[in-house]
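Read the structure below first, then the notes.
The values are calculated or read from the model by the stated rules, or taken from the named source; none is laboratory data. What you are looking at is a predicted structure, and each value in this text was computed from that prediction instead of being measured. Note that each Cβ is placed from the backbone with ideal geometry, even for glycine, and that neighbours are counted across all protein chains shown. For accessibility, only protein heavy atoms count, side chains too; no ligands or nucleic acids. Shrake-Rupley method; radii C 1.70, N 1.55, O 1.52, S 1.80 Å.
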Amino acid sequence: MDHKKLKNYILIQNLANGLASPFMSFLATVIGVPNVGISIVSSASSFFSGVVQLPLRRVRQVEQLLKFSTLLLAVLWFIMAFIAYGNPTMYLITYVLIAGIGGANSFAWALIMERLSRGSRGWVLANFAFYGSIGSLLATLITGVIVGSNYVVMHYVFMTTASLIFINAINAWSIESADPSDQVITEPLSMLRSNRKLTRFLLINTLFAIVWSFAWPLFPLAQVYLLNMNVEQLAIVNVISGVSTLVLQRFVGRWFDRNRKLVMFLGRFLLVTFPLSYALANNVYVIYLANTVAGFTNSVSNVAYISFVYDNSEDRRTAVSLYNLFYGVGTLIGSLISGALVTVVANYVGLKDSVRYMLLGDAAARALTATLYMSV
């Protein structure tokens with residue numbers, strides 16, 4: 001399989017996604033999507049992608065799945081640009097569809113990466129994540145500079161996203177298919193019963209997903225109502241995170257190959273930084289500083305947890321789909337609870353204080369749950 005073609009693919013795909021994806025929850029808040037809807041947008045890419053992956057594990061030609069899902073993503077982003085943006089209901093429906101097709105796309109990519117990374121998980125996965133981060137970083141910066149507080153410009157951003165993904169779909173047609181004959185498909189329940197180590201990891205990861213995603217609907221509320229941020233400032237946050245990730249990605253990949261358990265723990269534990277920063281910050285510069293930590297946490301997320309799944313299962317298709325399904329269900333639960341709870345609590349203490357208190361509670365929950373990774 002041509003590594004150069006795959007690196008070009010992930011570079012362009014992340015360039016396209018980086019133009020729009022970091023801003024979707026923020027924009028949902030701006031255009032008036034209700035709190036529960038913001039919760040769904042925040043967790044859509046995790047939950048709906050996880051739901052579609054389990055039935056797809058029997059697809060033999062994953063390269064074909066990658067190609068067709070890329071093409072469908074281009075169509076959906078065009079719909080977002082011309083029809084959905086500005087209409088809260090259509091915006092929510094279209095983004096859910098994007099998340100679902102994106103799940104099929106990421107599933108195909110994960111299976112391709114599993115093949116390529118055999119023998120050196122940390123290094124190979126970190127190397128491809130590095131190329132992906134370059135594209136995402138550049139795109140996010142461009143969107144922030146162009147849009148600022150003029151949110152109507154997002155129509156053109158979505159059109160550009162769609163066009164880039166369409167070009168990538170054409171390029172992806174030259175990726176050759178590999179022989180899938182080495183895969184044996186296992187029933188999910190059978191795998192969960194027979195592989196106790198993997199099952200324990202999935203349960204711990206799901207519990208963490210609940211407390212992790214609890215803050216996701218709170219972040220855009222904090223950005224809009226506590227810190228009065230605009231798209232340009234949000235882009236700077238993502239650029240700081242991206243630059244930090246580029247600097248640390250390969251180092252973390254090598255470290256993971258030497259000390260997996262410690263890296264998995266620290267990757268989760270340091271995520272307390274973000275709810276704490278939004279809860280306590282009195283200006284956006286605190287958020288900028290806090291996001292330097294994202295380089296480490298992003299790098300670990302790009303490599304560590306999926307590597308554990310790869311290395312502790314014989315049927316990687318079912319294992320990867322279960323990993324994403326469990327994680328997706330966890331994120332939906334956490335986000336929906338948060339979106340509903342902030343509405344209730346705001347009736348008693350006001351929206352601003354309710355967001356602050358809930359973010360502080362989530363930081364404590366993240367720290368506590370992260371310790372469970374030391375037992376996997």
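Just need a number here: residues in region 326-360 that are open to solvent by 30 Å² or more (accessible area, probe 1.4 Å) and within 30 Å of Arg250 (Cβ to Cβ).
Number satisfying all stated conditions: 2.
Rundown of residues vs (1) outside any helix (DSSP H, G or I); (2) closer than 25 Å to Asn302 by Cα; (3) β-branched (Val, Ile, Thr), yes/no style:
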position	(1), (2), (3)
Lys4	no, yes, no
Gly37	no, no, no
Val41	no, yes, yes
Glu63	no, yes, no
Ile93	no, no, yes
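Exactly one condition in (1) under 18 Å from the mean Cα position of the chain (by Cα); (2) among the small types (Gly, Ala, Ser); (3) within 25 Å of Asn195 (Cβ to Cβ); (4) open to solvent by less than 10 Å² (accessible area, probe 1.4 Å) is not met by Ser299; state its number.
Exception for Ser299: condition (3).
Could you look through region 197-224, keep only residues that are at pLDDT below 90 and open to solvent by 20 Å² or more (accessible area, probe 1.4 Å), and pick out the one that is nearest to Glu314 (Cα to Cα)? I'd like the intermediate steps shown before the answer.
Initially, region 197-224 is screened for residues at pLDDT below 90, giving 216-217, 220, 224.
If we keep only those that are open to solvent by 20 Å² or more (accessible area, probe 1.4 Å) too, we end up with 216, 224.
Numbers: Trp216: 33, Val224: 46 Å.
If we take residues in region 197-224 being at pLDDT below 90 and open to solvent by 20 Å² or more (accessible area, probe 1.4 Å), then Trp216 is nearest to Glu314 (Cα to Cα).
Out of all the residues in region 126-179, which are among the aromatic types (Phe, Trp, Tyr), over 18 Å from Leu71 (Cα atoms) and either modelled with pLDDT under 80 or part of a loop (DSSP other than H, G, I, E, B) (or both)?
Once the filter is applied, which keeps residues that are among the aromatic types (Phe, Trp, Tyr), over 18 Å from Leu71 (Cα atoms) and either modelled with pLDDT under 80 or part of a loop (DSSP other than H, G, I, E, B) (or both), region 126-179 yields Phe128, Phe130, Tyr131.
Could you list, in sequence order, the residues of region 226-261 that are touching a Leu at 6+ places or on another chain (Cβ under 6 Å) and open to solvent by 20 Å² or more (accessible area, probe 1.4 Å)?
Hit for region 226-261 is Val239, nothing else.
Can you pull out every residue in region 254-288 that is of a type in the set (Gly, Ala, Ser) and under 22 Å from Thr140 (Cβ atoms)?
Result: Gly267, Ser277, Ala281.
Are any of the residues in region 26-35 small (Gly, Ala, Ser), open to solvent by 10 Å² or more (accessible area, probe 1.4 Å) and closer than 24 Å to Val211 by Cβ?
no
Which ones in region 271-283 are part of a helix (DSSP H, G or I) and either in contact with a Pro (Cβ under 6 Å, 6 or more places away or on another chain) or surrounded by fewer than 17 Cβ atoms within 10 Å (Cβ to Cβ) (or both)? Quick ask: steps written out before the conclusion?
Taking region 271-283 and keeping what is part of a helix (DSSP H, G or I), we get 271-280.
Within region 271-283, just Leu280 meets the criteria.
State whether the residues of region 226-237 include one that is under 18 Å from the mean Cα position of the chain (by Cα) and not in a helix (DSSP H, G or I).
The answer is no, given that none of the residues of region 226-237 is under 18 Å from the mean Cα position of the chain (by Cα) and not in a helix (DSSP H, G or I).
Give the residues of region 345-356 that are touching a residue at least 60 places away in the same chain (Cβ under 8 Å) and not hydrophobic (A, V, I, L, M, F, W, C), sorted by residue number.
Lys352, Arg356
Residues that are farther than 29 Å from Gln233 by Cβ and at pLDDT below 95: does region 330-340 have at least one?
yes
What do you reckon, is Phe107 in a helix (DSSP H, G or I) and either open to solvent by 40 Å² or more (accessible area, probe 1.4 Å) or modelled with pLDDT of 95 or more (or both)?
So Phe107 does not fit the description; no.
Given the criterion out of contact with any Leu (no Cβ under 6 Å at 6 or more places or on another chain), among the aliphatic types (A, V, I, L, M) and free of Cβ contacts under 8 Å to residues at least 60 places away in the same chain, identify the matching residue among Leu72, Leu111.
Leu72
Taking interchain pairs and intrachain pairs at least six residues apart, which have beta carbon atoms under 9 angstrom, with the first residue in region 80-97 and closer than 12 Å to Val41 by Cβ and the second small (Gly, Ala, Ser) and open to solvent by 20 Å² or more (accessible area, probe 1.4 Å)?
What qualifies is Pro88/Gly32; Tyr95/Ser45.
Has region 268-291 got any residue that is within 29 Å of Phe107 (Cβ to Cβ), at pLDDT 85 or above and among the small types (Gly, Ala, Ser)?
no
Output the qualifying pairs, or none if there are none: Cβ atoms under 7 angstrom, residues six or more apart or on different chains, first residue in region 256-277 and more than 16 Å from Ile306 (Cα to Cα), second residue aromatic (Phe, Trp, Tyr).
Note: pairs meeting the criteria are Leu270/Phe296; Leu271/Trp212.
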